[in-house]
1. So how far apart, in nm, are the two label points at Asn86 and Arg98 if each is 7 Å from Cα heading toward Cβ?
2. Where nothing but the Cβ of Lys and Arg (+1) and of Asp and Glu (-1) is charged, how large is the charge dipole of the stretch 54-155 around its Cα centre, in debye to the nearest 20?
3. For Pro151, what is the net charge nearby, where nearby means another residue's Cβ is under 13 Å from its Cβ and Lys, Arg count +1, Asp, Glu -1?
4. Can you give the relative contact order of the stretch 29-154 as a percent, counting alpha carbon pairs under 8 Å and 6+ residues apart?
Amino acid sequence: MSNRKRELKRWTSAALLGGLAACLLAFPLAASADGLDVTDARMRVLPGDMPAAGYFRLDNTSDKTVVLVGAKSDAFEKVELHRSMNKDGMASMESVSRLEVAPDEHIEFAPQGYHLMLMKPTGALSAGDEVEITLEFEHRDPLTVDFEAVPPTSM
């Protein structure tokens, strides 16, 4: 093989690897295990001891319904599943004890909907920090996810 062909092959390989890395960065996978994928895991942090909110997308790629029943984190004294809603022009929020995700379906935890209510931080948190939050399921192993702290203005 000529030097020119070797050089072209090397540059082509580097370009392919760079493209793959760019794709992975554009669509970050926060955690994955046994038919569950969690992406876009972030938490909106507020000043002081105010509660934070956790958001993410949970995809069930398995052939069985999964049931999310809770979450926990060493960074917060209490973590609950919540749902925000607007009924008859009145905003409200309620605690949720379980969320079912059917096979090949997903659920979004996003502002104005489902979210993790992260109460009583055990230490100071700033935008850019990463916090481990463990999602708990019925009849499945828990899944620990890295959440990125973001300022409230970013969402």
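1. Between Asn86 and Arg98, the simple spin-label model gives 3.1 nm.
2. That gives a dipole near 360 debye.
3. Around Pro151, the surrounding residues sum to 0.
4. Relative CO of the stretch 29-154 lands at 32 percent.
Rule-based calculations on the coordinates, nothing more; no lab input. Bear in mind the structure is a predicted one, so any value in this text is a computation, not a measurement. FYI the Cβ positions are ideal-geometry reconstructions off the backbone, even for glycines, and counts take in every protein chain you see.
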